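Take a look at the structure set out below.
The values are calculated or read from the model by the stated rules, or taken from the named source; none is laboratory data. The shown structure was predicted, so the numbers you read here are calculated from the model rather than taken from an experiment. Positions of Cβ are backbone-derived with ideal geometry, glycine not excepted, and every protein chain shown enters the neighbour counts.
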Amino acid sequence: MTNKTVVNENDLKVLKKYVEKHIHLPNTLSEEYIYSNPNLIIIDAVLSKNRNYNSVQKWIKNFEKCYPKINTLIGLIEIIDQETPKEIGRIIGYRDEKRIIEIRQVAVAFVEKKSSASEDDLKSMKKWAEMSDFTDTEDSIFKVNGIGVATFQYLRILLGVNTCKPDVHIKNFILEVLKKEFSEEKAIRAIEKVSNKLGKDTRIVDNAIWKFMRSKDGFDKVDVEDLMYYIDFLDKGKLIQIQKYLEEVISEDRS
């Protein structure tokens, strides 16, 4: 019987070739992957679900601005209890109080995972990220209503684990390139293996594919960061062509 989670070598070769030809892979991770405040990791992971990431960054900044001293899991739980999920949502500009409740529940789950009350929150969370596996459905993070494999994996990514998040962009990318659907588990295994063959951090490949697929959704969804991403992919000759074109466009009266 064939193991449905095993990715055959030919599929890996096709994916690797496509990435090499069409997708620019930077050498370092974007700044949004690096957090010193454990609460921002949870907020990012939960509020990112089916949302434009520019909006997510705005909500995170609003939380940082309004609650600069809330940098522990217990502090996050207490402020949500004191001000209510609805009020927290109003303050940071996020309407769905169910997601704020979800944030609290994830924080509680991480507190319960600590080996002692004095253990550093971020250290404890990173330990969990390294030791956990998305196939372990008994993990307490999965017991939080609304947390699926994609969010579970995104938490691990934000906590430093070299893996990928099997969201719609990753799955659609595989479908587009290989003309067949992969399960979440198989998609994760595929991107991890392709990244290894490319000699790249899986998180970098995951993010590059996400940007590549997002840019294909429609020009109205492409922002300056996306354009700069593709400019980095061009050689000097093409950059000179673009420079001349931009000079012409800027000189035109487009008012």
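Look at (1) of a type outside the set (Lys, Arg); (2) surrounded by 16 or more Cβ atoms within 10 Å (Cβ to Cβ); (3) modelled with pLDDT of 95 or more and you find that HIS169 fails only one, number (3). Residues in segment 172-192 that are touching a Ser or Thr at 6+ places or on another chain (Cβ under 9 Å) and part of a helix (DSSP H, G or I): GLU185, LYS186, ILE188, ARG189, ILE191, GLU192. Scanning segment 200-233 for residues being at pLDDT 70 or above and either farther than 30 Å from PRO166 by Cβ or not in a loop (DSSP other than H, G, I, E, B) (or both) gives a total of 15. Summed over segment 124-144, the residues that are of a type in the set (Val, Ile, Thr) and either over 26 Å from ARG189 (Cα atoms) or crowded, with 19+ Cβ neighbours inside 10 Å (or both) give a count of 2. Screening GLU192 against (1) of a type outside the set (Lys, Arg); (2) closer than 22 Å to ASN50 by Cα; (3) buried (at least 16 other Cβ atoms within 10 Å of the Cβ) leaves a single unmet condition, (2).
The residue that is farthest from GLU20 (Cα to Cα), counting only those in segment 234-255 that are modelled with pLDDT of 70 or more and of a type in the set (A, V, I, L, M, F, W, C), is ILE250. Of all the listed residues (GLU9, GLU97, GLU102), the sole one being surrounded by 15 or more Cβ atoms within 10 Å (Cβ to Cβ) and closer than 26 Å to ASN207 by Cβ is GLU102.
Go through LYS17, LYS58, LYS69, LYS21 for me and flag whichever is modelled with pLDDT of 95 or more and out of contact with any helix residue (DSSP H, G or I) (no Cβ under 8 Å at 6 or more places or on another chain). Break it down into steps so the answer makes sense when it comes.
On the way: LYS58 fails: modelled with pLDDT of 95 or more; LYS69 fails: out of contact with any helix residue (DSSP H, G or I) (no Cβ under 8 Å at 6 or more places or on another chain); LYS21 fails: modelled with pLDDT of 95 or more.
Answer to the check: LYS17.
If you scan segment 107-143, which residues turn out to be farther than 25 Å from GLU78 by Cβ and either assigned to a loop (DSSP other than H, G, I, E, B) or aromatic (Phe, Trp, Tyr) (or both)? Listed by number, the residues that qualify are SER132, ASP133, PHE134, THR135, ASP136, THR137, GLU138.
Of the residues contained in segment 145-156, none is found to be among the aliphatic types (A, V, I, L, M), touching a Ser or Thr at 6+ places or on another chain (Cβ under 7 Å), closer than 20 Å to LYS98 by Cβ and outside any loop (DSSP other than H, G, I, E, B).
Out of LEU29, LEU40, LEU73, I need the residue that is aliphatic (A, V, I, L, M) and surrounded by fewer than 18 Cβ atoms within 10 Å (Cβ to Cβ). Which one? Matching residue, one of LEU29, LEU40, LEU73: LEU29. The number of residues in segment 43-70 being touching a Ser or Thr at 6+ places or on another chain (Cβ under 8 Å) and loosely packed, with under 14 Cβ neighbours inside 10 Å comes to 0. Filtered by the rule that a residue be of a type in the set (Gly, Ala, Ser) and surrounded by fewer than 16 Cβ atoms within 10 Å (Cβ to Cβ), segment 145-159 gives GLY146, GLY148. The residue pairs whose first member lies in segment 198-209 and is in contact (Cβ under 8 Å) with a residue 24 or more places away in the chain, whose second member is of a type in the set (Val, Ile, Thr) and not in a helix (DSSP H, G or I), and whose beta carbons are closer than 7 Å, counting only pairs six or more residues apart or on different chains, are THR202/THR163; ALA208/ILE23; ILE209/ILE23. What pairs come out if I take residues in segment 76-101 that are within 21 Å of ASN37 (Cα to Cα) and modelled with pLDDT of 95 or more and pair them with residues that are in a helix (DSSP H, G or I) and among the aromatic types (Phe, Trp, Tyr) whose C-beta lies under 7 Å away, six or more apart or interchain? Note: pairs meeting the criteria are ILE92/TRP59; ILE92/PHE63. I'd like to know if segment 105-123 contains one or more residues that are touching a helix residue (DSSP H, G or I) at 6+ places or on another chain (Cβ under 6 Å), free of Cβ contacts under 8 Å to residues at least 60 places away in the same chain and either buried (at least 22 other Cβ atoms within 10 Å of the Cβ) or of a type in the set (S, T, N, Q) (or both). No: segment 105-123 contains no residue that is touching a helix residue (DSSP H, G or I) at 6+ places or on another chain (Cβ under 6 Å), free of Cβ contacts under 8 Å to residues at least 60 places away in the same chain and either buried (at least 22 other Cβ atoms within 10 Å of the Cβ) or of a type in the set (S, T, N, Q) (or both).
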